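> Pasting a structure below so you can have a look.
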There are 4 protein chains.
Amino acid sequence: MKPLNIGLIGYGFMGRTHTNGYKRANDFFPELEYRPVLKAVCGRNAQKVQEFADQWQYESIETDWKALIKRDDIDAIDICTPNNSHAEIAIAAAEAGKMILCEKPLALNPEEGERMCAAVEKAGVANTVWYNYRRVPAVTMAKQLIDEGVLGKIYHYRANFLQDWTISEDLPQGGAALWRLDAAAAGSGVTGDLLAHCIDTALWLNGSITDVSAMTETFIKERVHQDTGEKQAVTIDDACSFMCHFDNGSLGLFESTRYARGHKALYTLEINGADASIRWDLHDLHRLEFFSNADEGRLRGWRSIHVSDHSGDQPYMDKWWVPGLQIGYEHTFVHQVADFLKSLQEGKPCNPTFRDALETQEVCEAVLSSAKERAWKNV
Amino acid sequence: MKPLNIGLIGYGFMGRTHTNGYKRANDFFPELEYRPVLKAVCGRNAQKVQEFADQWQYESIETDWKALIKRDDIDAIDICTPNNSHAEIAIAAAEAGKMILCEKPLALNPEEGERMCAAVEKAGVANTVWYNYRRVPAVTMAKQLIDEGVLGKIYHYRANFLQDWTISEDLPQGGAALWRLDAAAAGSGVTGDLLAHCIDTALWLNGSITDVSAMTETFIKERVHQDTGEKQAVTIDDACSFMCHFDNGSLGLFESTRYARGHKALYTLEINGADASIRWDLHDLHRLEFFSNADEGRLRGWRSIHVSDHSGDQPYMDKWWVPGLQIGYEHTFVHQVADFLKSLQEGKPCNPTFRDALETQEVCEAVLSSAKERAWKNV
Amino acid sequence: MKPLNIGLIGYGFMGRTHTNGYKRANDFFPELEYRPVLKAVCGRNAQKVQEFADQWQYESIETDWKALIKRDDIDAIDICTPNNSHAEIAIAAAEAGKMILCEKPLALNPEEGERMCAAVEKAGVANTVWYNYRRVPAVTMAKQLIDEGVLGKIYHYRANFLQDWTISEDLPQGGAALWRLDAAAAGSGVTGDLLAHCIDTALWLNGSITDVSAMTETFIKERVHQDTGEKQAVTIDDACSFMCHFDNGSLGLFESTRYARGHKALYTLEINGADASIRWDLHDLHRLEFFSNADEGRLRGWRSIHVSDHSGDQPYMDKWWVPGLQIGYEHTFVHQVADFLKSLQEGKPCNPTFRDALETQEVCEAVLSSAKERAWKNV
Amino acid sequence: MKPLNIGLIGYGFMGRTHTNGYKRANDFFPELEYRPVLKAVCGRNAQKVQEFADQWQYESIETDWKALIKRDDIDAIDICTPNNSHAEIAIAAAEAGKMILCEKPLALNPEEGERMCAAVEKAGVANTVWYNYRRVPAVTMAKQLIDEGVLGKIYHYRANFLQDWTISEDLPQGGAALWRLDAAAAGSGVTGDLLAHCIDTALWLNGSITDVSAMTETFIKERVHQDTGEKQAVTIDDACSFMCHFDNGSLGLFESTRYARGHKALYTLEINGADASIRWDLHDLHRLEFFSNADEGRLRGWRSIHVSDHSGDQPYMDKWWVPGLQIGYEHTFVHQVADFLKSLQEGKPCNPTFRDALETQEVCEAVLSSAKERAWKNV
């Protein structure tokens, strides 16, 4: 078993999900030749970082990411910081010869993303971006079905990601914990945070997007900043929808918002093909809905497939429990760790690479630009 | 078009459902050779009967059912009175040579039921009992699937009929409108009212029941009678469950209650066969759930079949609208009228006949007897 | 009881639904003072019209709608012909002083619609358009909830109408039975046929739409015409999506297609307000999904309300059966007939009037224009 | 942080679920003062045990459980062996002063169970039985609601546990991997394996059961033994149903089978109270269905509560991710480990104790006895 020494930068929500992935992958994927070692976690607040390190059993801490990158005992850098620091850290880490696992979205904009791609490609280091929903077994199975041609010619792709956590006017803006509401740190609002997931999955399942027409909205125009106590303009998008054409001739419709009362993380997608359709929903992520036109006419109906088989037919599920027993959200990160480790063994890239993620960034950019100019934009 | 002159006795809830059936059948089943004519409706309260007749366009009224039965211009008697009068009316009607459409349950007990069967069989008159749920298209399709062998060997049959309308202790007992709570008028509580439906469907779909072990309960022991204002013992069963064996070796489990908060008329049934299973639910009666073991393993799942086809594949649905547009509860009665009229054309019995319904009565009797004696009973 | 003599023009699918409405309304709405009389049905093929008249019990037939309009024994004209004849017939009927019940969409375009409005308003005749989904009890209840302020400030409105019946390349184009595929007869494809329903409901529930950005597609570019046997260009839109702003500041997202495999008539709508959200789906039209932020936090969840009460709390349902027993598609037309008759008693307009329906037509026009020019369009 | 040295006996499916629990609890419950240490795993096949130890990072192995029990560096014994060895191991472990975490069911029969209880109580050692479904957050919340009186007086409790994995006649009997089909090793079939779970939850949520009437069935009477290749009689129950009375006056109905085609691990429960009802289903274990009669009449409906809050309102969920992101099956074991460790800190018992589990054993015994004698049995 070869160790893979991890240096984690940032220890918020994504720091937890990634760390859990590192700790569990080998328990469930015994065929792996690498085992992640929690070598160091890095953050600016030494006390808080130490608490995180103690809880999760990291061997050491750092308070300066540049110091972390220089350490010889680190093989891979995991970037969990706000979006506006991804590029600088990733490029430096690549130059230091480290593998990189970067939280999504890749960057603030395509220009940054292109420089990040160039850096990892020049350095020849393994790289991946945590678009974790590709590795929900039901979504991975959707990919299989499409690649096998089960759906036939695709006509429609629709996806949305609906939340309701910023409806209250009293929610403060920005600050350490709420950087997602700060355009300077996040780049955009729901577009980069939520739609980026929908776009990544769509590009993976249905190929490239050629042009978009988008609409964004900021419902609450001013909020009190939680650090300064002063009112300031809200600069992120609270909601974003777009229509698009895919390269394969199908039509796309996407929507994301943080103002959909009753939905917490309702990422849904549906794909309609000439021969079959599929639907999926993050709130019940262990199920795939499937409709096949090949079924006998009288008995056609949407099937609710409980993706919990352990015979090896359903992706990843032979690693877990027995039929009928579901897994959850965190397992998508375990799967990505396992696949990343496998890719090292095999000397192959682990999707989505920085280059893959750059295409999502380009769609996001076209979406924001289309919304701003109220015009169709090519990607 | 031949007229079929109807004389309806009783004009409560079932008087409305049957009358609607008579008025709609020919609009949607143009191949019928008979057309029901609303000749007369009969009830003891002349004013109320007249109001009903005016609303529904009956040509005349009667206040004495014996007078109705004697009328030469009546071809068929429809019995919608409380259960304790079914036998007397039906036997008299048969002796008068009238066809009979009798509301369920057939009678108060098997002995009465046997006399009713003897009467109609001796008279040679067409007869049917309004176990209307046989003619929900999804249920009729279940019958087709079982008869075609799609389910394979049957292992389990389970059904329940759950309501919540008598939970309140303040609900009065008995009286004109609430005869269902009066054992003298109704014979039993949920057993004859609700379980009888479940049993009728089960016998039709899965064959005879050989023995039963039952449990009944009366949760609220005394209620104020709405006519007298006095407290009196509640004599009906509020809830009844039973286990049973079917002749084909499968096991049955049935439950009914009026104390299941949140359920209004939740009649559900599920049948598990070696090769496939089906489920159905009255609250969404236009859907049939279907699971086939013949589907590809990776893609097996329960299908929710929207029974709204109009290609002729799904029973009755070619008569109604277009795919995706559902029908409702009342259509089961329209279907039974249409089938009764068709059976006249063809000179065949219309199921369930009095004789068919007698078997349900016998199961009910065994259930009540088993519950009373806390012992298994043969049917 | 006053008779209201109906003259029906066109006897296709909508001829059936309307006729059923006329025949049933008084059975279930005994308080009505008018009773529709099926005086005459009109169509060009005398034999087929006669068959329809016989089946549905119309008293007479006509083969020329101009003759029908002249008859003194006709009070109201019901227009069920293809869209390109609505204007001519309606204007003539108004001039002849007839009430008009016109199938949707109102017209081929706003200009025609404006002339129709002017005609009925000048003549002072009662008029309504059969946007029947307003009278699904669950949808009517949604309107109540919004008007009562239960949802609070509205942020999002989304609706789609998905079908799959034209996926096959072998489906012929145009001709008598398939006029919906012929732009000359239908005006447009899914926009006027399906989206018009979604728009009508949206305007009713959420107020005016100010601007739109739309995308249309014709997936199969040529089809064989069923009358001529020759290939010709398909001129209708197979799919149409649009984004929009409502006057109240909320965002809208609409989609319609006939290429969504697995969906037959999946009209869904969802509205997200600051305090509550609602969802509805035509495939289970008797249910309303409801989420209230006012519920205790731990117990918040989407409720599936079975709209089958008979206490009078839920619109229309006190007219039908008992709790738990659902109604279906056709009942929306019965409700519209009942409301139309009630509006006559009360001397009030019956919504949606021609004028109401004109606004939907204007949105459709902006949608088609936006799609053609790939630009945002004001309504 | 105090170590708690674990000695695991048996390394099958339950060995994995428990081990995962030991490894994850401290990551997610940072307030714990104890940390489990994977000291040793024990099994008869040294090579296979070593493989398991390597995969899961146990420090050592044993091939004789008696040797394990004697080790001073072991604090707690975890029993994951077939049911017929629970008593002997548990009693010996108690006598050696070890804490015991025993897989369910407690024993082969109440007599064994009573001796086990006596042993742990005499030794004064901490003890618990892995009825893990108590710690599904939705089920734990159901317990809270009942204890708070939200449901009011309980009328009905129904539960079933449906599987389909033994339908095939070709499935072999007994042998190392299939001891659950061998009555000598398992004690019973579905009764001890599946119904025991349903009974444990029911006793916890709804109190004691007083009497039962049960029915069991062995559908396939003979199977080929996988070790000997010879046909032999099947001695376990393939299916078992029972009716019962609870001490609080409510009625119970339970069913379990391995012949319900289409169900993998469908453990469902429903409880109807005078004021509210709840439903839960293992196939979607992160949801609780809830119906409250206190809701406004027009808007009453079953709520589907997505139990994924992180505000602390919903049990356990503040330990995991953010709202909308579900956990899965394995987390129930993590919760039980955490609660066991917390109970050590607090010096309190961890439910269900051996004594709690004995009551479930007694109900199982009454069920099997009732089925055998076809008579009601007191518990």
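> From the residues in region C:221-244 that are closer than 30 Å to A:Ile220 by Cβ and of a type outside the set (A, V, I, L, M), which one is nearest to the other protein chains (Cβ to nearest Cβ)? Outline the logic, then answer.
Kept after step one, since they are closer than 30 Å to A:Ile220 by Cβ, are these residues of region C:221-244: C:241-244.
In the following step, the residues that additionally are of a type outside the set (A, V, I, L, M) were identified as C:241-242, C:244.
Working: C:Ser241: 5, C:Phe242: 8, C:Cys244: 8 Å.
So, considering only residues that are closer than 30 Å to A:Ile220 by Cβ and of a type outside the set (A, V, I, L, M), the one nearest to the other protein chains (Cβ to nearest Cβ) is C:Ser241.
> Restricting attention to region A:121-142, report how many residues are surrounded by fewer than 24 Cβ atoms within 10 Å (Cβ to Cβ), of a type in the set (Val, Ile, Thr) and out of contact with any Pro (no Cβ under 7 Å at 6 or more places or on another chain).
Count: 1.
> Among (1) within 27 Å of A:Gly312 (Cα to Cα); (2) assigned by TED's automatic domain parsing to the domain that holds A:Asn248, which single condition is A:Gln163 missing?
It fails just one condition, (1).
> If D:Ile69 passes every condition in (1) touching a residue at least 60 places away in the same chain (Cβ under 8 Å); (2) within 14 Å of chain A (Cβ to nearest Cβ) but one, which one does it miss?
Condition (2) is where D:Ile69 drops out.
> While we're on this one: Scanning region B:296-317 for residues that are over 30 Å from A:Gln314 (Cα atoms) and in contact with a Ser or Thr (Cβ under 8 Å, 6 or more places away or on another chain), which turns out surrounded by the most Cβ atoms within 10 Å (Cβ to Cβ)?
Only one residue fits best here, namely B:Met317.
> Only one of (1) within 17 Å of the chain's Cα centre (by Cα); (2) in a loop (DSSP other than H, G, I, E, B) fails for B:Leu32. Which number is that?
(1)
> Continuing with this model, one more query. Test each condition in (1) in contact with a Phe, Trp or Tyr (Cβ under 7 Å, 6 or more places away or on another chain); (2) within 30 Å of C:Phe13 (Cβ to Cβ) for B:Ala25 and report the one that comes out false.
In the conditions (1) in contact with a Phe, Trp or Tyr (Cβ under 7 Å, 6 or more places away or on another chain); (2) within 30 Å of C:Phe13 (Cβ to Cβ), B:Ala25 misses (1) alone.
> Still on this model: Which condition from (1) of a type in the set (D, E, K, R); (2) within 14 Å of chain B (Cβ to nearest Cβ); (3) assigned to a strand (DSSP E or B) is the one that C:Lys39 breaks?
(2)
> The conditions are (1) at the interface with another protein chain (Cβ under 7 Å from one of its Cβ atoms); (2) in contact with a strand residue (DSSP E or B) (Cβ under 7 Å, 6 or more places away or on another chain), and D:Ile327 fails exactly one of them. Which is it?
(2)
> Go through region D:104-156 and give me each residue that's touching a helix residue (DSSP H, G or I) at 6+ places or on another chain (Cβ under 7 Å), part of a strand (DSSP E or B) and within 14 Å of another protein chain (Cβ to nearest Cβ).
Hit for region D:104-156 is D:Ile154, nothing else.
> Where in region A:167-234 are the strands (runs of 3 or more DSSP E), entirely inside, with at least 2 residues that are under 25 Å from C:Gly252 (Cα atoms)? Working first, answer last.
Details: elements: A:209-217, A:222-224, A:231-233.
Fully inside region A:167-234 and qualifying: A:209-217, A:222-224.
> In this structure, does D:Asp318 turn out to be over 28 Å from A:Pro323 (Cβ atoms), outside any loop (DSSP other than H, G, I, E, B) and within 14 Å of chain A (Cβ to nearest Cβ)? So that I can check it myself, show each step before the final result.
On the way: over 28 Å from A:Pro323 (Cβ atoms): yes; outside any loop (DSSP other than H, G, I, E, B): yes; within 14 Å of chain A (Cβ to nearest Cβ): yes.
Taking the combined requirement at face value, the residue satisfies it.
> Let me ask another. Output the residues belonging to region A:370-379 that are surrounded by 14 or more Cβ atoms within 10 Å (Cβ to Cβ) and of a type outside the set (Lys, Arg). Lay out the reasoning, then the answer.
Let us first name the residues in region A:370-379 that are surrounded by 14 or more Cβ atoms within 10 Å (Cβ to Cβ), namely A:370-371, A:375-377, A:379.
Within region A:370-379, A:Ser370, A:Ala371, A:Ala375, A:Trp376, A:Val379 meet the criteria.
> Please specify each residue of region B:72-98 satisfying the condition of being surrounded by fewer than 23 Cβ atoms within 10 Å (Cβ to Cβ) and free of Cβ contacts under 8 Å to residues at least 40 places away in the same chain.
Within region B:72-98, B:Asp72, B:Ser85, B:Ala87, B:Glu88, B:Ile91, B:Ala92, B:Glu95, B:Ala96, B:Gly97 meet the criteria.
> Scan (1) more than 21 Å from D:Ala93 (Cα to Cα); (2) at the interface with chain A (Cβ under 10 Å from one of its Cβ atoms); (3) under 23 Å from the mean Cα position of the chain (by Cα) for the single condition D:Ala25 breaks and write down its number.
Unmet for D:Ala25, out of (1) more than 21 Å from D:Ala93 (Cα to Cα); (2) at the interface with chain A (Cβ under 10 Å from one of its Cβ atoms); (3) under 23 Å from the mean Cα position of the chain (by Cα): (2).
> Right, something else. Name the pairs whose Cβ atoms lie under 6 Å apart, with the first residue in region D:317-329 and closer than 13 Å to A:Phe333 by Cβ, the second among the aromatic types (Phe, Trp, Tyr), and 6 or more positions between them or separate chains?
D:Trp321/A:Tyr329; D:Leu325/A:Tyr329
Yes/no matrix, rows are residues, columns are (1) within 14 Å of chain D (Cβ to nearest Cβ); (2) modelled with pLDDT of 95 or more:
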position: B:Glu169; (1), (2): yes, no
position: B:Ser188; (1), (2): no, no
position: B:Ala202; (1), (2): no, yes
position: B:Asn206; (1), (2): no, yes
position: B:Val212; (1), (2): yes, yes
position: B:Thr218; (1), (2): yes, yes
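> Further question: With respect to B:Leu171, determine if the residue is crowded, with 24+ Cβ neighbours inside 10 Å and at negative phi.
Numbers: crowded, with 24+ Cβ neighbours inside 10 Å: no; at negative phi: yes.
It is false that B:Leu171 is crowded, with 24+ Cβ neighbours inside 10 Å and at negative phi.
> Then there is this: Which members of region A:143-165 meet the condition of being surrounded by fewer than 20 Cβ atoms within 10 Å (Cβ to Cβ), of a type in the set (D, E, K, R) and touching a residue at least 24 places away in the same chain (Cβ under 8 Å)?
A:Lys143, A:Lys153
> Filter region A:330-352 for residues that are assigned to a loop (DSSP other than H, G, I, E, B), more than 13 Å from chain D (Cβ to nearest Cβ) and charged (D, E, K, R) and give the result.
The initial filter retains those residues of region A:330-352 that are assigned to a loop (DSSP other than H, G, I, E, B), namely A:330, A:347-352.
Within this subset, residues satisfying the condition of being more than 13 Å from chain D (Cβ to nearest Cβ) are A:347-352.
Matches in region A:330-352: A:Lys348 only.
> Now a separate question. Could you tell me which residue of region D:324-361 is surrounded by the fewest Cβ atoms within 10 Å (Cβ to Cβ), considering only residues that are within 12 Å of the chain's Cα centre (by Cα) and under 13 Å from D:Lys23 (Cα atoms)?
Within region D:324-361, the match that is surrounded by the fewest Cβ atoms within 10 Å (Cβ to Cβ) is D:Phe333.
The values are calculated or read from the model by the stated rules, or taken from the named source; none is laboratory data. All of these numbers come straight from a predicted model, not from anything done at the bench. When we count neighbours, we look across all protein chains shown, and the Cβ atoms used for this are built from the backbone with ideal geometry, even at glycine.
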